[in-house]
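Down below is the structure, laid out as structure tokens.
The values are calculated or read from the model by the stated rules, or taken from the named source; none is laboratory data. Owing to the predicted nature of the structure, the values given are computational and were not obtained by experimental measurement. Backbone-built Cβ (ideal geometry, glycine too); neighbour counts: all protein chains shown.
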Amino acid sequence: MDQYGIIIGAALLVIVSACAWFLGTKAHAEVRRFRDEQHEHFRGRPDS
Amino acid sequence: MTHPAQDSTDRDKAVLHEFGYAQQLLREMGGFSNFAISFSIISILTGAVTLYGVGLNAGGPVVMSIGWPLVTLFVLFVAAALAELASAIPTSGALYHWASLLGGPTWGWIAAWLNLVGLIAAIAGIDYGCAQFITPLLGLEETPRNFMLVFGALLLSHAILNHIGIRTVARLNDFSAVYHIAGVAVVVLALAFFAPKQPVSWVFTQTFTTIENQPYWFAFLGGLLQAQWTYTGYDASAHTIEETKNARVSAPWGIYLSVVISGIFGYLMLIFVTLAIKDLGATAAATNPFIYIFEQALGGTFGRAVLWIVTLAMWFCGLSCVTSTSRMIFAFARDKGMPFSHLFATVSRRYRTPAAGVWLAAILSFLLPCLILALVAAFPTRLSFSKLYPAVTGISTIGLYLSYGIPLLLKLRAVRKGVWTSRANGPWSLGGWSVAVNTAALIWIAFITVLFVLPPNDLTGYIFGGTFAALIILYFVAVRGHFKGPLPQAKSQAELLKIEAELEE
């Protein structure tokens, strides 16, 4: 563990960050696509 | 012209009507409130803190530096897979409702009870953990009797507030989310500026265990209970989905982002707390290693002030968990899935909260530690009081994750059979990555379910096994053939509108 702890820790942090970013981006794109297909668009603030 | 906010609420209500349910609960929660309730139940200042000693004794600092991100990675997959289902089927029955629609009423019934057992144990774990901190901070003797008295008082406060109203609780949940982030900031800054620190490499390389007769790697895996229990309860965003505006998008983001944000802030806190350890052996041997670190690093008064901040976060966490559990009870009882369903499916006319469900959640949560204390008293040579807390949290973790796993497994089966196509997806989905993420999530759930019942967590296995056996007996004696799964509340749109109108009076 003395040799590999930092390498394993750093690699894990990179993998977790990349996965979190990728899944979030993918879901965001799917939400936009769904809204386009359903013709849902932003129609101004409630008080406008 | 239709008001955009009104349009969103009407759309939410229309989707609920499609599933045969009336809008009985007040739809008051925004996206942030929905995120806040899951973030508050995950509560990095509860799970990671109250089980800090368990993690440290199992694998030492490496459990914090490597164990936390390892668990976070797989929990991200579970959360993303659940978020997809919440978007597709936005009802407060959530896991139970998803399992029923995908696999039939029996699967739904099993998922519901596993979820309920997990949630009840979660409330018990959170409030009992909070009592373990409040009792010494108040200067009371750390005895099982005092812990139980403080624990009972905490449960009472949560039940009363949840009975009084969703607006109050929603405001407190919003505040709780901000409070948790501010609380972690205070902990990190206090330790960064005022505590002596170990070198950073020490946290990543220092192995340590007090568990005998087991190889280190196995003890390390057992220590993952700390992170895994912390990451529970984020299904709350789905349980409160009928109270959330723009539910099919806001609730899935609530599930997913609560895990992501907890991952980041939880890691920061654990690293700085672990860096502040002066003597690893003495810390691990302390009654409460987390309190010990603060007292050693920051001194008595300052250390206690920071610990009060952490303890209040635990109280917020318990409050949110009672909210989530009561909604689960309400939804399950609405579909006649539990004894005395007619009672627990009622909504308080005055407050529009599932009041009976709130009190049932509080009472059952109080009874669980009582049961474990009775077991310890009955078998004093085989069991010890120190095993109570890991057992409660272990039951909660396994119950909740199995209930997460059932709908995920059934969805994979439905995809394979071609029953579930992309047309069934809600707006929040993972597209082509859905199957891979679901599969990874299921593998992890299977792994931790086995891991957390193996020694030294065998008490968890006995109690969970006993509970599961009792449920199977209940199913065959009283439920089989009678339980029909999710039931529409009315046969027509007009009847649903009538139910809603009666509540508006």
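Summary of values
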{"read-out": "Meets criteria (in contact with a helix residue (DSSP H, G or I) (Cβ under 7 Å, 6 or more places away or on another chain), closer than 26 Å to A:ALA27 by Cβ and more than 13 Å from every other protein chain (Cβ to nearest Cβ)) for B:THR244", "value": "yes"}
{"read-out": "Residue in the stretch B:78-103 that is surrounded by the fewest Cβ atoms within 10 Å (Cβ to Cβ), counting only those that are among the small types (Gly, Ala, Ser), closer than 20 Å to B:LEU257 by Cα and modelled with pLDDT under 90", "value": "B:SER92"}
{"read-out": "Residue identified as within 14 Å of chain A (Cβ to nearest Cβ), surrounded by fewer than 22 Cβ atoms within 10 Å (Cβ to Cβ) and under 30 Å from A:GLN38 (Cα atoms) among B:ASN425, B:ASN438", "value": "B:ASN425"}
{"read-out": "Residue match in the stretch B:261-279 (condition: away from chain A (no Cβ under 14 Å), of a type outside the set (Val, Ile, Thr), over 20 Å from B:LEU319 (Cβ atoms) and without any contact (Cβ under 8 Å) to a residue 24 or more places away in the chain)", "value": "yes"}
{"read-out": "So B:SER341, is it of a type in the set (S, T, N, Q), within 19 Å of B:PRO488 (Cα to Cα) and surrounded by fewer than 22 Cβ atoms within 10 Å (Cβ to Cβ)", "value": "yes"}
{"read-out": "Selected residue [assigned to a helix (DSSP H, G or I) and at pLDDT below 90] from B:ALA170, B:ALA185, B:ALA251", "value": "B:ALA170"}
{"read-out": "Helices (runs of 4 or more DSSP H) within the stretch B:8-70 that include 2 or more residues among the β-branched types (Val, Ile, Thr) and at pLDDT 90 or above", "value": "B:47-50"}
{"read-out": "Residues of the stretch B:71-109 classified as outside any loop (DSSP other than H, G, I, E, B), of a type outside the set (A, V, I, L, M) and under 25 Å from B:PHE35 (Cβ atoms), total", "value": "8"}
{"read-out": "Sole residue being in contact with a helix residue (DSSP H, G or I) (Cβ under 6 Å, 6 or more places away or on another chain) and either in contact (Cβ under 8 Å) with a residue 40 or more places away in the chain or under 28 Å from B:ARG304 (Cα atoms) (or both), chosen from B:VAL200, B:VAL186", "value": "B:VAL186"}
{"read-out": "Filter result for B:GLY481 (outside any helix (DSSP H, G or I) and free of Cβ contacts under 8 Å to residues at least 12 places away in the same chain)", "value": "yes"}
{"read-out": "Failed criterion for B:LYS411 (all others in (1) over 30 Å from B:ILE211 (Cβ atoms); (2) at pLDDT below 95; (3) away from every other protein chain (no Cβ under 14 Å) hold)", "value": "(2)"}
